[in-house]
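A.B. asks: Dumping the structure here so I can ask a few things about it.
The values are calculated or read from the model by the stated rules, or taken from the named source; none is laboratory data. Bear in mind that the values here come from a model prediction, so they are computed numbers and not experimental data. Cβ placement follows ideal geometry from the backbone for every residue including glycine, while neighbour counts extend to all protein chains displayed.
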Amino acid sequence: MLSVCMATYNGEQFVIRQLDSVLKQLNSQDEIIVVDDCSKDNTVQVIKDHYGNRVQVIVNERNSGPIKSFEKAISLARGDILFLCDQDDVWEDQKIANVLAAFREQEAVLVVHDAYVVDGSLQIIHQSWNDFNRNNINQGIVGNILKNAYTGAFMAFKKELVPLILPFPAEIEMHDQWIALVCMLKKKKIVFLDTPLVKYVRHGGNVTGMKKRSLMTQLKGRFRTISAIAGYKR
């Protein structure tokens, strides 16, 4: 059984396109868990109208941000393998098959893949997110604190990782960086696929956008991440 975990916020314009690309790759026993972070548009109703009970939708009591929303979705997941999913993107047709093959053939605990960078109309901006963002997947713990090279929308992991990563520490900047760091700390096998398996939409309205943060903000975030790692005891 597979679980797809999605966090939504004001995503009515793109979320059906994304969920359609996911659902056609799932079996009837697989699940999609959507945690909506108090959207002000019709995201929740649009999902319910299109999919009924096929997609589980949980609405936060108050706006809590993407980290807490993904934490809730992950905590509710029942699958043996969990896929993280952003509301804006589109999955390539062979994404799940390729990722499952990596789990099966390479004994991975965490699988991460590359993606096409596209605009809101799905026109390709760059053939590789990792090249576009200058990511270095092999940079280790220190390097990943300095610059996170892991994107949650391209992650899948075995359920055995859940008790090691949850609850997400309050100090962390983003959940994807934390998941990768815990895998490194616990020496769990991470497999990277250089095949682009998602159209990663960058349209300016994404929750995790490409806005340049100030140096002070970056430094504070890194210190908080170091603090979370230092206090990790699982």
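A.B. asks: Please work out which one of (1) farther than 21 Å from ILE179 by Cα; (2) in contact (Cβ under 8 Å) with a residue 60 or more places away in the chain; (3) among the hydrophobic types (A, V, I, L, M, F, W, C) is the condition PHE132 fails and give its number.
C.D. replies: Going through the list (1) farther than 21 Å from ILE179 by Cα; (2) in contact (Cβ under 8 Å) with a residue 60 or more places away in the chain; (3) among the hydrophobic types (A, V, I, L, M, F, W, C), PHE132 breaks only (2).
A.B. asks: Please tell me if ASP194 is of a type in the set (D, E, K, R), in contact with a helix residue (DSSP H, G or I) (Cβ under 9 Å, 6 or more places away or on another chain) and surrounded by fewer than 18 Cβ atoms within 10 Å (Cβ to Cβ).
C.D. replies: It is true that ASP194 is of a type in the set (D, E, K, R), in contact with a helix residue (DSSP H, G or I) (Cβ under 9 Å, 6 or more places away or on another chain) and surrounded by fewer than 18 Cβ atoms within 10 Å (Cβ to Cβ).
A.B. asks: Something else now. Exactly one condition in (1) closer than 15 Å to MET1 by Cα; (2) β-branched (Val, Ile, Thr); (3) under 13 Å from the mean Cα position of the chain (by Cα) is not met by ILE96; state its number.
C.D. replies: Of (1) closer than 15 Å to MET1 by Cα; (2) β-branched (Val, Ile, Thr); (3) under 13 Å from the mean Cα position of the chain (by Cα), only one is false for ILE96: (3).
A.B. asks: Right, another one. Mind checking which residues of region 1-18 are aliphatic (A, V, I, L, M) and in a loop (DSSP other than H, G, I, E, B)?
C.D. replies: Listed by number, the list holds a single entry, MET1.
A.B. asks: Okay, next question. Are there helices (runs of 4 or more DSSP H) fully within region 130-234 with at least 3 residues that are among the aliphatic types (A, V, I, L, M), at pLDDT below 95 and over 19 Å from ALA115 (Cα atoms)? List them.
C.D. replies: 140-146, 215-230
A.B. asks: Out of all the residues in region 19-48, which are over 19 Å from ALA77 (Cβ atoms) and outside any helix (DSSP H, G or I)?
C.D. replies: Those that are over 19 Å from ALA77 (Cβ atoms) and outside any helix (DSSP H, G or I): LYS24, CYS38, SER39, LYS40, ASP41, ASN42.
A.B. asks: Counting residues that are in contact with a strand residue (DSSP E or B) (Cβ under 7 Å, 6 or more places away or on another chain) and surrounded by 15 or more Cβ atoms within 10 Å (Cβ to Cβ), which strands (runs of 3 or more DSSP E) fully inside region 55-126 reach at least 2?
C.D. replies: 55-59, 81-86, 110-118
A.B. asks: Among the listed residues VAL4, VAL90, VAL15, VAL46, identify the single one that is farther than 30 Å from ALA170 by Cβ and touching a residue at least 60 places away in the same chain (Cβ under 8 Å).
C.D. replies: VAL90
A.B. asks: Could I ask something else about it? Which of (1) in contact with a His (Cβ under 6 Å, 6 or more places away or on another chain); (2) farther than 30 Å from GLN45 by Cα does PHE70 not meet, given it meets every other one?
C.D. replies: (2)
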